[in-house]
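Written below as structure tokens is the structure these notes are about.
The values are calculated or read from the model by the stated rules, or taken from the named source; none is laboratory data. The structure displayed is predicted, hence computed values, not measured ones. Glycine also receives a Cβ, built like all others from the backbone with ideal geometry; neighbour counts cover every protein chain displayed. When the accessible area is computed, the model is the full protein with side chains, heavy atoms only, and any ligands, DNA or RNA have been set aside. Shrake-Rupley method; radii C 1.70, N 1.55, O 1.52, S 1.80 Å.
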Number of protein chains: 2
Amino acid sequence: MKEFGIGLLGFGTVGTGVVEGLRRNGDLIASRLGVRPVLRSIGTRNPTRDRGVPVAPAKISANLESVVDDPSVDIVVELMGGKDAALTMTRRALARGKPVVTANKALLAEHGAELFRLAAEHNTDIYFGASVGGGIPIIRVLREGLVANRILSIHGILNGTCNYILTRMEQEHLPFDAVLREAQDNGYAEADPAFDIDGIDTAHKAVILAWLAYGVHIPLNQVLVEGIRNLSAADIRYGADLGYRVKLLAVVKRHDDGAVEVRVHPAMVPRDHMLASVHGVFNAIMVQGDLSGRGVFYGRGAGREPTASTVIGDIGDVMKNLLGGSARRFRATPGAESVPLLDRGQARTRHYLRLALRDRPGTLARITAALGNHGISIASVLQQEQGTGDHVPVVIVTHECRERECQAALQEIAGLDVAGSEPVRIRIEE
Amino acid sequence: MKEFGIGLLGFGTVGTGVVEGLRRNGDLIASRLGVRPVLRSIGTRNPTRDRGVPVAPAKISANLESVVDDPSVDIVVELMGGKDAALTMTRRALARGKPVVTANKALLAEHGAELFRLAAEHNTDIYFGASVGGGIPIIRVLREGLVANRILSIHGILNGTCNYILTRMEQEHLPFDAVLREAQDNGYAEADPAFDIDGIDTAHKAVILAWLAYGVHIPLNQVLVEGIRNLSAADIRYGADLGYRVKLLAVVKRHDDGAVEVRVHPAMVPRDHMLASVHGVFNAIMVQGDLSGRGVFYGRGAGREPTASTVIGDIGDVMKNLLGGSARRFRATPGAESVPLLDRGQARTRHYLRLALRDRPGTLARITAALGNHGISIASVLQQEQGTGDHVPVVIVTHECRERECQAALQEIAGLDVAGSEPVRIRIEE
């Protein structure tokens, strides 16, 4: 049986999973595909650390270039993360005409356009199935399974750390900080969690999904990104009273006029929505296609073995391409129509607002008037007796309105002498 | 841009969807794939009926052979259903080296092995993505996305008609017959619904999934198949009281000793299980891979446009294969290890039992003794005051036991003088 040599860059969590997956299921994979992946060499900064998987020490090297250049390596699998060495090595492999499989979303989100050009120039492939959704083959589903569809919208829970924190906050009525510490203790959050909890990781993935759906590279700095750091247990509780759960969502949408919208923020989702029942570290992506209708793809969004599952799936594709001499089977950049980005202020959603208001006659009337001044109508109001000091919390759910209108209304409200602390605003997606 | 000619066999619901999908999204598909599918001819028994999509009458013919043989047709898309003409025409196309795309699960489940041999002999492809799951690209996910995994189990809701009926029975507390009539009136059930409600359609799909997962063609007559015809509203209600929903499930599993189990039957599923929140005509498939972990794939399992979405996705694959000169990219028969089938009596589940028992002292003790005689222990008992005539309904949930033990115990119970009408038994899957 034909064999292809695998060179691994990075020997951390996912790298270990790939080595173990190839070892454990190599025969099965070969029998399914008719070609066999063979691990040839591993490049890592720390070659001597014991990862608990049996690899001949001679295969492991601190010299990343030597792995890429190894003539017995046909496919380079980049699992280092980061953007420095990963970028240099990916460029090097592609320039030598070697296909690259990567799980590196930051690399793709920020340097994807360049890397795909480079792959095309050298008639080779870059596969990135594990960059979004971990063990969920969402990239394959979007690029191949739904190739016939205009993608109307994508809603994704793409970060397991955030979803774990939000699930625990809701279930245990705990504040953010306490749950974050717990998540760090359990290994579900990094020591420096900013990348996850501030929404950057989700935004990288949203950029990749938007690109697959609409063929446009949207610069990260043009994506509206809000994390979960400032969410309070009170809002999660009020949301629950109103029939919502709070999830950190990536929203990718195309409007009738062609404009594309990409945003990442906490959102209230109706409790009977499929995405509302995604708990803990799981991920899920809801895709609305013009033909397929609504589909939801759910699974483990990270972790050693799930991510390795998708990485090895990509290795399978690349091996078939090499075997058939048919690289560039899927265009890195799909349609690549020039698509306008939606002006952020034009995004339309319903809103959950929590205001701290002075408890005196006429207050609510002034608030509703302020909202009305900006064309915002109210769907429901929740006001309970107990207050915090001089102020009473009032929760308002609006009908759909534009981001811009909502911000202007909140600004007007902040200027009223009845308003206490900064109003809280959470968008609603249904 | 390179074009490939499409010949369509069958111009019913799905055929119309494919024609409309190619017309509406043809440019988008071509821009994504770099090749263009062009509809060349359509074979149908009724060429003159107006389907509401614009097709030049000259392209439509009652002569199916002429479509297959048309030299401008590169890819034959079989959407006739049934096993007679569909089988003849699929054989004819493959024998001419023309790749076939089909959505015909009956054809595949019963003649798959032959057709895949034929495709291999003539170095061409047969793609069948739409045979299971309609608009959910589950075939692609299993065959490509999860190629690195040993598949531990698959649980599927694969028939929209049954799931619609079960959803309505639960939500409206209606009996089966009334909901079936309603489903027929709404177009969600056929005039002759046997194929769906007796589980045959689901069994065909289960056979295809088992084959993808384990490389074995399991004859339909070796699959345990029970439909939903005899489900009573009472059991759905009792199930709800116990925290379960009733779903028609396909279960495909591999045991530690290597034996494969395939069964189709109504099952009680815990309400917080992902599959329990699949309502109405939607389908979902839960796949447990040894690396990927648990994944769920949800969407529209039938219908004109969702099925067309997947059919056109397959056309995309076939075009790429033709373009690259690399047919047979995926082996029709994966691993094809010789796998033993699990003896039906060995299948292990928990059970929901509803018995009609004489309301007199010691009755329950005799029942639990009968269960105990066969090694079955009881997890919970539900006995309410109101009875039907002389008999009281008693609901028992067992711990896990073998099919064989459960049947033997029910037989022993039927022989006791305390038992009324035939006991009801519904397996529990969690």
A:Ala267 versus (1) among the aliphatic types (A, V, I, L, M); (2) in contact with a helix residue (DSSP H, G or I) (Cβ under 8 Å, 6 or more places away or on another chain); (3) more than 9 Å from every other protein chain (Cβ to nearest Cβ): which is the lone unmet condition? (2)
Can you tell which of A:Ala213, A:Ala250, A:Ala284, A:Ala203 is in contact with a helix residue (DSSP H, G or I) (Cβ under 8 Å, 6 or more places away or on another chain) and modelled with pLDDT under 95? A:Ala213
Looking at segment A:360-379, is at least one residue more than 14 Å from chain B (Cβ to nearest Cβ), out of contact with any Ser or Thr (no Cβ under 9 Å at 6 or more places or on another chain), charged (D, E, K, R) and touching a residue at least 24 places away in the same chain (Cβ under 8 Å)? yes
May I ask you to list the residues in segment A:123-150 that are more than 10 Å from chain B (Cβ to nearest Cβ) and surrounded by fewer than 24 Cβ atoms within 10 Å (Cβ to Cβ)? A:Asn123, A:Thr124
Pairs, first buried (at least 24 other Cβ atoms within 10 Å of the Cβ) in segment A:99-122, second aromatic (Phe, Trp, Tyr), C-beta under 6 Å, six or more apart: A:Val101/A:Tyr127; A:Thr102/A:Phe128; A:Leu108/A:Phe128
Of residues in segment B:157-170 being touching a strand residue (DSSP E or B) at 6+ places or on another chain (Cβ under 7 Å) and either within 14 Å of chain A (Cβ to nearest Cβ) or farther than 10 Å from B:Leu248 by Cβ (or both), the one most open to solvent (accessible area, probe 1.4 Å): B:Glu170
Any chance segment A:156-163 includes a residue that's within 29 Å of B:Gly313 (Cβ to Cβ), part of a strand (DSSP E or B) and assigned by TED's automatic domain parsing to the domain that holds A:Arg263? yes
Yes/no for A:Ala347 being touching a residue at least 12 places away in the same chain (Cβ under 8 Å), more than 10 Å from every other protein chain (Cβ to nearest Cβ) and closer than 30 Å to B:Gly26 by Cα: yes
I'd like to verify a number: residues in segment B:405-419 that are open to solvent by 70 Å² or more (accessible area, probe 1.4 Å) and in a helix (DSSP H, G or I), how many? 2
Looking only at segment A:287-307, count every residue that is open to solvent by 30 Å² or more (accessible area, probe 1.4 Å), more than 8 Å from chain B (Cβ to nearest Cβ) and assigned to a strand (DSSP E or B) and tell me the total. 1
Look through A:Ala259, A:Ala308, A:Ala284, A:Ala327 and report the one residue that is closer than 30 Å to A:Phe176 by Cβ and among the aliphatic types (A, V, I, L, M). A:Ala284
Residue by residue through segment A:72-87, note down the ones that are open to solvent by less than 30 Å² (accessible area, probe 1.4 Å) and without any contact (Cβ under 8 Å) to a residue 60 or more places away in the chain. A:Leu87
What are the residues in segment A:181-199 that are in contact with a Phe, Trp or Tyr (Cβ under 7 Å, 6 or more places away or on another chain) and open to solvent by 20 Å² or more (accessible area, probe 1.4 Å), if any? A:Tyr188
Which members of segment B:128-151 meet the condition of being part of a helix (DSSP H, G or I) and within 15 Å of A:Ile29 (Cα to Cα)? B:Val141, B:Leu142, B:Arg143, B:Glu144, B:Gly145
Only listed residue being of a type outside the set (S, T, N, Q) and touching a residue at least 60 places away in the same chain (Cβ under 8 Å), chosen from B:Ala356, B:Ala409: B:Ala356
Within segment A:201-211, identify whether any single residue is open to solvent by 10 Å² or more (accessible area, probe 1.4 Å) and among the hydrophobic types (A, V, I, L, M, F, W, C), and answer yes or no. no
Tally, over segment A:15-38, of residues that are open to solvent by 30 Å² or more (accessible area, probe 1.4 Å) and more than 11 Å from chain B (Cβ to nearest Cβ): 3
Here the qualifying pairs (Cβ atoms under 6 Å; residues six or more apart or on different chains; first in segment B:200-219 and away from chain A (no Cβ under 14 Å); second open to solvent by less than 10 Å² (accessible area, probe 1.4 Å) and of a type in the set (Ser, Thr, Tyr)) come out as B:Ile208/B:Ser131
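Matching residues to (1) polar (S, T, N, Q); (2) open to solvent by less than 20 Å² (accessible area, probe 1.4 Å):
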| residue | (1), (2) |
| --- | --- |
| A:Ala213 | no, yes |
| A:Gln222 | yes, no |
| A:Val225 | no, no |
| A:Arg229 | no, no |
| A:Val251 | no, yes |
| A:Pro266 | no, yes |
| A:Met274 | no, no |
| A:Gly280 | no, yes |
Looking only at segment A:171-180, how many residues end up being touching a residue at least 12 places away in the same chain (Cβ under 8 Å) and either open to solvent by 10 Å² or more (accessible area, probe 1.4 Å) or polar (S, T, N, Q) (or both)? 5
Please go through (1) among the β-branched types (Val, Ile, Thr); (2) facing chain A (nearest Cβ under 8 Å); (3) in contact with a strand residue (DSSP E or B) (Cβ under 8 Å, 6 or more places away or on another chain) for B:Thr310 and return the number of the only condition it doesn't satisfy. (3)
In this structure, is B:Arg329 at the interface with another protein chain (Cβ under 9 Å from one of its Cβ atoms) and either part of a loop (DSSP other than H, G, I, E, B) or out of contact with any Leu (no Cβ under 8 Å at 6 or more places or on another chain) (or both)? yes
First in segment A:50-71 and farther than 21 Å from A:Asp84 by Cα, second anywhere and loosely packed, with under 10 Cβ neighbours inside 10 Å, Cβ under 9 Å, 6 or more apart: A:Pro57/A:Thr48
